[in-house]
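The values are calculated or read from the model by the stated rules, or taken from the named source; none is laboratory data. Source: prediction; values computed, not measured. Cβ coordinates were reconstructed from backbone atoms using ideal geometry, including for glycine residues, and neighbour counts include every protein chain displayed.
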């Protein structure tokens, strides 16, 4: 009896552990990848330390790209699972991007502060050459749009600076992997911003349209400066001070305005009307007319024109550029 009971128990357990079979004859048309974003990071650690951190601690990524002479790509998390690389993050209307993104960590020393300022470590060419095919493969399989290939500093600008201003975003753009502003359009809209810089509220609205999660405070506060710096690290890496200048405005305008949209109009500076001379009073009828003055001589005296005072220029009011609120 004991043997029969044991056999029955084994049979029940075996039935419970059986993997069900599925018929895959049909495939639904209405579906898409769960991965909408690809996020690039640097590790601020060497390869052995990066592997240890990404495999033994809470932080993780789907891929790790080393900086060896012949770079190696480690897959640490299956793409169908969420890796913990994005943290508190947002882009456009999405938040907490761990569940909707694929993360690539790139071995890189990051930055260090020196007496002459902050210095960011470069990315070796061999590392970039290994990264591009990986990015191409991921975005093609998951249908990730170029505007959703991002840096950690895009999705968390107040916390993160990676992959930093040394990262070759323009090289990825040349491969069609990253959204990039058209240089011709930037040059066309730049003069309007050189002539009249928008207020800080305009910059905040454009940054939000681009995708950043930024509070529309109307003040040039630390959050706005940091977010502008994150934008500049990607599109204008030679100057990442976070200042709302004309070049940054032109880049934002092009990136947030569909192609074919007319450039912003040049600011119109109203001209001051010329002063009108009051007409001479008409003498009453019957008033004797004085004799006409003699006609001037045909040839002016030498040097006479030099003594004629020049016509005073008409002053044209120039609208003052509103100062940036620094509160």
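A few comments on the model shown:
- A Cβ distance below 7 Å, combined with a sequence gap of six or more or placement on separate chains, defines the contacts here; from segment 68-93, residues that are at positive phi reach residues that are modelled with pLDDT of 95 or more in the pairs 87/156; 92/211.
- Search result, residues across segment 209-225 that are touching a helix residue (DSSP H, G or I) at 6+ places or on another chain (Cβ under 9 Å) and assigned to a helix (DSSP H, G or I): 209, 210, 224
- Of the strands (runs of 3 or more DSSP E) contained entirely in segment 107-186, those carrying at least 3 residues that are touching a strand residue (DSSP E or B) at 6+ places or on another chain (Cβ under 9 Å) and in contact (Cβ under 8 Å) with a residue 12 or more places away in the chain fall at 149-151.
- Residues satisfying the stated conditions in segment 36-62, i.e. part of a loop (DSSP other than H, G, I, E, B) and either under 13 Å from residue 104 (Cα atoms) or without any contact (Cβ under 8 Å) to a residue 40 or more places away in the chain (or both): 43, 57, 58, 59, 60, 61, 62
- Subset of segment 226-244 (residues that are within 19 Å of residue 193 (Cα to Cα) and part of a loop (DSSP other than H, G, I, E, B)): 236, 239, 240, 241, 242, 243, 244
- Residue check for residue 167: surrounded by 16 or more Cβ atoms within 10 Å (Cβ to Cβ) and over 14 Å from residue 247 (Cα atoms): yes
- When we screen 249, 187, 208, 192 for residues that are loosely packed, with under 13 Cβ neighbours inside 10 Å and at pLDDT 95 or above, the only hit is 187.
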